[in-house]
Structures are given as structure tokens and as C-alpha cells.
1. In nanometres, what is the gap between the two model label sites at A:SER147 and B:GLU149, each 7 Å from Cα along Cα-to-Cβ?
2. Arrange the residues A:ASP179, B:ASP265 by how much accessible surface each exposes, largest first, with a 1.4 angstrom probe.
3. Using Cα positions and a limit of under 19 Å, work out the lysines in reach of A:LYS151, with same-chain residues fewer than 8 apart set aside.
4. At a probe size of 1.4 Å, how large is the accessible area of A:ILE178, to the nearest 10 Å²?
5. Non-local amide H neighbours of B:SER211 (under 5 Å, H modeled in plane, Pro and chain starts lacking H): which ones?
6. Using label points projected 7 Å from each Cα along Cα→Cβ, tell me how many nm separate A:ASP6 and B:TYR392, to one decimal.
7. Holding the Cα-Cα limit at 29 Å, pick out from B:LYS233/B:LYS474; B:LYS371/B:LYS474; B:LYS48/B:LYS303 the pairs that are longer than that.
8. Using a simple spin-label model with points 7 Å from Cα along the Cα→Cβ vector, what separation in nm is obtained for A:LEU234 and B:HIS423?
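The values are calculated or read from the model by the stated rules, or taken from the named source; none is laboratory data. Fair warning: this is a prediction, and the values are worked out from it, not measured in the lab. Glycine gets a Cβ as well: all are built from the backbone with ideal geometry, and neighbour counts include every protein chain shown. All accessible areas refer to the heavy atoms of the entire protein, side chains included, with ligands and DNA or RNA removed. Shrake-Rupley method; radii C 1.70, N 1.55, O 1.52, S 1.80 Å.
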Amino acid sequence: MLEIKDLHAAVDGKEILKGVNLTVNPGEVHAIMGPNGSGKSTLSYVLAGRDGYEVTGGRIIYEGEDLTDLDPEERAAKGIFLAFQYPVEIPGVPNSTFLNEAVNAVRRYRGEDELDKIQFVKMLRAKTKELNMSDEMLKRAVNVGFSGGEKKRNEVLQMAVLEPKLAILDETDSGLDIDALKIVSEGVNALRSPERSTLVITHYQRLLDYIVPDKVHVLAQGRIQKTGGKELALELEEKGYADFVGEEAA
Amino acid sequence: MSATAETVEQVHSISGEKYKYGFVTDIAADKAPKGLSEDIVRFISAKKGEPEWLLDWRLKAYRRWLEMPEPQWSKVQFPPIDYQQYHYYSAPKSDDDRPKSLDEVDPELLATYEKLGIPIKEQEVLAGVAVDYVFDSVSVATTFKKKLEEVGVIFCPISEALERCPDLVRKYLGTVVPVADNKHACLNSAVFTDGSFVYIPPGVRCPMELSTYFRINEMNTGQFERTLIVADKGSYVSYLEGCTAPMRDENQLHAAVVELVALDDAEIKYSTVQNWYPGDEDGKGGIYNFVTKRGACRGKNSKISWTQVETGSAITWKYPSCILQGDNSVGEFYSIAITNNAQQADTGTKMIHLGKNTTSRIISKGISAGKSDQTYRGLVKISPKAEGARNYTQCDSLLIGDKCGAHTVPYIESKNKNAIVEHEATTSTISEVQLFYLRQRGIPEEAAVALVVNGFCREVMQQLPMEFAVEAQKLVGISLEGSVG
Ligand SMILES: Nc1ncnc2c1ncn2[C@@H]1O[C@H](COP(=O)(O)OP(=O)(O)OP(=O)(O)O)[C@@H](O)[C@H]1O
Ligand SMILES: [Mg+2]
């Protein structure tokens, strides 16, 4: 599904990722943990193709294809979804309009028929119901005036609507109350299938009780420093990142 | 100034010369010869079989025009206009017999509309809109007349109104925009060829949106429409004006005048989507759009609401205004102006508060892209007698790229110390992270820009009638093509 080989990336000329290696097979869920500022969001932006996040070395292979020259919208159409750590406000654009545009843009790219208004609304209603979201949020402008938790839920709604093959969740659990955490996790688990993979970036092992990962990686100082199973998350919770940060800094 | 003086010279010499030989222009001609003179004014008036008073009115306007300077205060820049290079009258070939249905319309005209993507019949049937097409200054098709006649609404070309209800036309023509209001309006008064006339009788709510599609299509034909809408006591009308024009090479002068009169308790909603040819990337070949639009809220509790979406033309010079004369009258101005490439727009409104408890609301959304430049210019004037007057103004500018400009020039003249005048202004850009967010969801860059811009304009878009809003939203995308990437 995803193969990251010796990935180096820079922002504003500053190297943030310094040789990331990571392989995610279809159907797997991987968790990425790591201290603040270690490059987790940077990795997610690089995977999604954000302008200004320059790949200075290495390769990203997604479903056998090198992503380097693809625009963000092309990657999205090929099934890569990023739930933002800080969801963006789009004033004046109703959430439902935005989702409708996104779904149909992706369908167009894939050569599928666009959904008409009725089909779309039906699909959307079903998803909001699953996620226990109010329809009122669909009429409001994208993320404008949403609470922190509402923004995160909105990211999960978008994911549910777009049904990505590779979902990257960047701290989607931060700011969620317990009930929301369950709902969001259920949303993620509902998408779990042998063809789909998920990268979960989180600071809290609690999330991993709900979304049980196949692997846990520690990203620090721009590199994957350690890989393990679910138990690694528990270990980190106890000991913190001192081992990994100290090593490089010394 | 010197260019104007030169033109005046030229006009004097030409008109003087022709006058020696009397009335020389062939009245049967479908087109007036190039240029402007008293002779041409007489030709137009004769061609339309106008009453004496109107000819006098036109001639008075023409003489004032000769003396008037070009408006110099706006920010738009263009070479001096050579008024002698235009034809001031042209009619479609088959104008002796106005077609009673679309079947009688020249198939070539229909083909042109088709190319512009306007399926006439569909629009009429689906939208239930009465359409008064203006093609090269002369109306060629009017539909849905019957339905309107049943309730006594008059909606016809102004030339026809001169026959059907000359007293009404005479009573109101030029009472909102006086002949010598400004040079462009003055020119219009002298040479206007047609336009729409609307009269809504007392207490009548017009049963459908009234719509006129203006088209400019013939080489070198300046367009000088004149529209007059009168809403009698307690009546309501919504009027739509929309326009597109095909590619062409030479700058075209367009100087329309629109006058609205609302009597006691009457309401007029006037919506425009303007998409004339903006010229090429450097503005070459685009249309000069110098329009004078003004509404008079003459009666108490009357209301006039202007909504405009301006995306076309090389130069736009336009300030739809309201004179709030009646007590408790309301004026509104909702505007979206989009400029791209080398387009220039100087647009805004004037709200003149004369009556007691008059209120006005101004929402202006300006979007500049490319190397375009636009100015919002607004005047809120509150007279000493306008006790309890209120105004709210909000001007938002959105910049796309770093080569364009946006300026806000709000004038406030309040002579009543109890009046409340509020003004808010913002300037923003489309952020990189907004575009990235939308693109990450699969929306291509240009569509993402269009989406953000439509969101920015939403408040104004919502003022447009449904079918117009859909068209306008598409237009936003089209007009910003090539502005990013
Ligand atoms: N435009 C930029 N210019 C310079 N440094 C930057 C820029 N953007 C990000 N960085 C730096 O890159 C590093 C990695 O940032 P990133 O957001 O990827 O961290 P993170 O692991 O997601 O942290 P957190 O857990 O706090 O979300 C940080 O030190 C950050 O300050
Ligand atoms: Mg982060």
C-alpha cells in the first residue's frame, strides 16, 4: 500500500524529515507517536503533497506508484486522505456544498458518474447518522465557529464520505470527549478492511485501545527511531521520549 | 480634457457641415453612419417615430453633452474616447415587423444565443421569466406579455411604451437621472436607442421576475440602453438584467442609464449579472461599461434594492444609487465585483438620505486577481432633515496574487447628528492552507479558488434570485480562470 524509503523533506530550506522508512501493508493500521515538533505533521503533509514541503531525498511509493510529481488533488483522488491536526475554516462555504464538490471531483477524476443532489444527500444523511452528527453542522460554513471537537468530528465525516484507501489521522483524537472518541474510533474501524490502511498520529495510547494498531512507530528527530506492537505505546506512556530525544541530542 | 475639446471641435465641424445640407441620413437605412451629430440625434428620433418633446429632450441633452467634461475623479484609466468612431444606431435586419413568437425570430440571432449557452426556450418555460431581448439596441422578442397584461403590468421596449403610455414615460423619464447628470448619462439621453420600460400598477405584485438580456454583437455599435421602472403605490417587482458578449477586437462604449421610481410602500429589486467581454489578457478589445443607475424611493416606506455581480468589461464605472426621499424608505446595495488580468473597476453606490428614519445597507465584495485593479467608492449622505437615518456599510476585499490592487473609498457626509452610520472594511487573501485543505479533498486548484471566492461572496449571492445565483456562481469560477498556478 505505502512504502516510504529514506525520505528526506525540508520546509523553508530547513530539513525536518531526515530519512524516514516505513512500510504499511493493505489492511494494516499503524500508529505514529513522537514528541512535539518531531515531524509527524510534516510527514503527513509530505504524503499529501502540500506545496512548500519539499522532498529532498528518498521516495514515497503508494500502490506501486511514485507520488512525488502528483498534485494534492490527484493523490486525494487516488485515495489518500489526511485528517488535519488543525482543520481549516472556509467562510461562507456550507459543509454540505464542500463535501458535494469533493465527492464529485474525486468521482470525475476516477471516470465515475457524479452523484446527483438526491443521491448525495441520501449518502450524506446515512454517514452523519452513523457518526451521530447533527444535520445542522452540514449547513454551517466549513469549520467556521466549530468547537475543537466538532472540527475533529467533521474531519472524520469527510473521511467517511470519501472512503479513502489510505487515511492519515493527525491527532484526530486530541480535543475529543470520551463519547466522541468512541464514535470517531468506530468511524475509523468501520472503514477497516483488507484493502484499506490507516496511519494514526497520536500522543495518547488511549486511542489505541479503540483503534488497535498492527504496529506502533516512534518518530523523533525526523526519523523512525523504534517500531513495535501495541505494547510500545504503553511503554512510551510510562517512560516518555527521553531515550529517543537524548540519543540524537547527545 | 484636450481630447474632449478636440472631439467637441470635430463634432461641431461635422454637424455644422451636414446641417447645411439638411437632413441627409437615409431614414430607411438600418444603420446610422459613424459618428455623432445633431443630425444623428434627429435620425434616431425619426427612426423611432418619436414625439416632438422627446426629440427636444434629446437635442437638449446632446447640446449639454458637447459642453460637459469627462468625469475625472474615478481611478480607471483609458485613452480618450473618440466618439466619432461609433455607430449610434443599428437595427437587426427584420425590424419592421416585430416577431410575435420566437419562431419568427431570425434563426441567426437564435444561433448566437445558443452559442452563448442560453437556451432561450428552456429559460422562458422553466424559469417562467418574461424576457425582453435587446439585440443591438432594438428589442426583437417579448414574451409572457399576456400574463403581465392581465394584472396591468406594462413591460415593453421603451419605444413601444412611448406609444402605449406616453404620459407615463414623459412623467418619469429623466426625473431620477437628469439629462446633464454626468457626461455618460448625458450621451445616453441624446442617443439612447431602446431599453425596457416597466410600470407596476398600485397594489400589484408582479407575478414573475422580469428579465432582459442585453447583447452586444455588431461591430462598432455603442450600446445606449435606457431603462425606466416605475413601481406605483404598494406594488412589487423584481427585475433581472444579465449580459454576455462574444469576443471582439475594438473597445466598445457602453453607457446605459437605469432609472427606478418607487412610490409609497412600493418595492423594486433590481439584479444584474454583467459578463461583457473583458478584453484579452492586456485588456485589449474589452468593453467600456459606463453606467448610471439610480433609484428614487419617492414614497414613504418604499424600498429599492440593487444587487450586482460584475465580472466582465475592460473598464467598469458604475454606482447604482438610492435617493431615500420618502420617510422610512430603505435602500440596499449588494455587490460582487471580480476583476482579473488587466480589468479595471471603479464601482460602489450612493445612498442619499433625505427622509426621516431612512435606512440603507451596503455590502460590497471585491475580488481582484491578475494585475487588475478595483475601487469601491461609496457615498453615504445624510441631510439635516433625515432624522433617525441609519446606514450600515461593509466592504470586503479579497486579493488573489500580489500584482492586483483593491481600494476602498467610503465618503460619509452626515449633517444630522442623530444619524447612525457604521462602516466596516476588511482585506484578505486566499490562504495557501485553505487551498491545500480543499485540494486534499480532491477539489482541483481552480475549483478550490472558485469555492473560496463563492464563500466570500455568499451574503451577496443569497440576494440573487435562484436561477441567477446558479449562473453567477459558475461565472465566478469562469472569471477567475488562470488566476492561480
Ligand atoms: N515553515 C517552517 N519553517 C521552519 N520550521 C518549520 C516550518 N514548519 C514546521 N517547522 C518545524 O518542523 C518541525 C516539525 O513540525 P511538525 O508540525 O511536523 O511536528 P509534529 O511532530 O507534528 O509536532 P506536534 O506533536 O506538536 O504536532 C517543528 O520543529 C516545526 O517548528
Ligand atoms: Mg503535528
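1. Label-label distance for A:SER147 and B:GLU149, simple model: 6.4 nm.
2. A:ASP179, B:ASP265
3. Those lysines meeting the cut-off are A:LYS127, A:LYS129, A:LYS139, A:LYS182.
4. A:ILE178 exposes around 90 Å² with every protein chain in place.
5. B:ALA130, B:ASP132, B:LEU240
6. The answer from the label model is 6.3 nm.
7. B:LYS233/B:LYS474; B:LYS48/B:LYS303
8. It works out to 6.7 nm between the two label points.
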